[in-house]
1. Report, to the nearest 10°, how far helix 340-356 tilts away from the longest principal axis of the Cα atoms in the chain, using its own Cα long axis and a range of 0 to 90°.
2. For N103, list long-range residues whose amide hydrogen, built 1.01 Å from N in the peptide plane, is under 5 Å from its own amide hydrogen.
3. Please give the residues of segment 290-331, grouped as numeric ranges, whose backbone N is less than 11 Å from a label point set 7 Å along the Cα-to-Cβ vector of T363.
4. What are the lysines whose alpha-carbon lies under 25 Å from the alpha-carbon of K39, with same-chain residues fewer than 8 places away excluded?
5. Provide V184, V41 in ascending order of the number of other Cβ atoms located within 10 Å of each residue's Cβ, fewest first.
6. Count the DSSP beta bridges whose two residues both fall in segment 13-222, then state the antiparallel fraction as a percent rounded to the nearest 5.
7. Which whole-angstrom value gives the distance between the alpha carbon centres of segment 13-83 and segment 111-155?
8. What spacing in nm lies between the two simple spin-label points modelled at E295 and T199, each 7 Å away from Cα in the Cβ direction?
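Coordinate-derived values only; no laboratory data. Just so it is clear, the structure is predicted and the values come from calculations on it, not from any experiment. Don't worry about glycine lacking a Cβ; one is built from the backbone with ideal geometry, like all the others, and counts go over all protein chains shown.
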Amino acid sequence: MSDAAPPSPRGRLKIFLGYAAGVGKTYQMLDEAQELRRKGVDVVIGYFEPHGRQDTIAKTEGLEVVPRKKIEYRGSVFEEMDVDAILRRKPAVCLVDEFAHTNVPGCNCLKRWEDVQALLDHGIDVFTTLNVQHLESLNDEVRHITGIRVRETVPDWVVDAADEVVLVDLTAEALQNRLQRGVVYPAEKALKAMENFFTETNLTALRELALRHAAHEVEGRLSDLSAPTRGKLPAARPGAESPTRHDRILICLTGRPSTAVLIRRGKRVADYLHAECLAVHVQRNGRSDHNEALEKHLSFARNLHIDTHVLRGADVARTIVDFARERNITQIFMGRTGSARWYGVVKSTVHRVVRLARDREITVVAERLR
């Protein structure tokens with residue numbers, strides 16, 4: 001008989017979601033942490049980024065701070081969250097600011113959200129902060145709105161797996177007022193911000209994204225409560241059609257740059273439909289068209305928890321459609337581009353898939369030119 005202690009239950013993840021710096025995510029996270037501390041809960045700060053905001057800094061009073069780890073990289077010293085120290089301290093709740101942050105080389109994990117997974121695995125509850133533009137599936141939409149490519153992203157499945165997502169909301173007008181008063185950034189930086197990313201148009205659009213995502217989260221959680229077996233096909237009588245449509249989405253991968261946009265779009269739709277999401281690349285028999293770009297897309301899809309497949313076939317369109325029928329795919333996502341180098345092949349493949357799969361929904365996503 002083993003004397004080993006049973007493993008700790010996985011910690012709970014609470015995300016404070018906003019749409020821009022300065023809406024109050026960190027402040028609300030600290031406010032809730034202070035309430036827990038007053039109730040006797042063991043709470044520590046694993047990582048806090050003050051940005052010089054005095055009212056937010058004041059909210060940390062009385063909370064234990066786990067010292068950061070110093071890492072030297074290319075002649076400079078950087079400070080990152082010390083995951084090992086937090087695990088040794090073993091608090092009940094750990095506060096971790098800036099969930100989407102990319103760690104400096106030399107850390108155990110590439111991303112801070114991966115550090116958080118390690119804390120959760122050891123039974124520590126985590127409060128963290130995130131802006132909606134850092135969701136991977138919204139990357140292209142945010143770039144289209146703002147003209148800026150957000151480089152630090154979090155896979156949607158990580159956020160979807162959170163036990164609680166709290167929307168921290170503020171009108172665009174109120175946020176700009178905070179900027180003008182120097183609450184968010186120093187005066188000179190605030191002025192530049194309002195002329196670039198923090199325009200009223202950008203903030204209003206980003207706020208709408210955050211509100212839509214929060215509504216989607218609520219709808220999904222209510223659906224989970226009312227239908228605990230959601231996602232499983234109900235038992236059907238022999239010869240009878242299932243009374244419930246079970247959506248399955250297939251994304252067709254190539255080595256083109258626009259494939260990343262296609263992956264995000266397909267995954268986003270799959271998440272909204274609570275659908276299974278698969279991706280496929282077809283190599284023509286006798287040819288090896290694997291390249292660095294394609295491998296990057298395959299890896300990207302896997303990181304988003306998309307079930308990926310590489311098939312061989314002389315007829316690409318036929319192979320795609322046969323796979324779709326075999327897996328009961330309901331919607332196929334394909335890319336279209338105006339590039340002269342690809343146009344003939346892409347047009348032929350897309351048109352043939354449309355002809356061969358008349359019983360399936362086909363979504364052809366055009367490459368957005370900027």
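1. Here the helix axis deviates by roughly 70 degrees.
2. HN-HN under 5 Å from N103: K111, R112.
3. Residues 331 fall inside that zone.
4. K14, K25, K59, K90
5. Values: V184 22, V41 13.
Fewest-to-most ranking of V184, V41: V41, V184.
6. Roughly 20 percent of the DSSP beta bridges within segment 13-222 come out antiparallel.
7. Comparing the Cα centres of segment 13-83 and segment 111-155, I get a distance of 16 Å.
8. Label at E295, label at T199, 4.0 nm between them.
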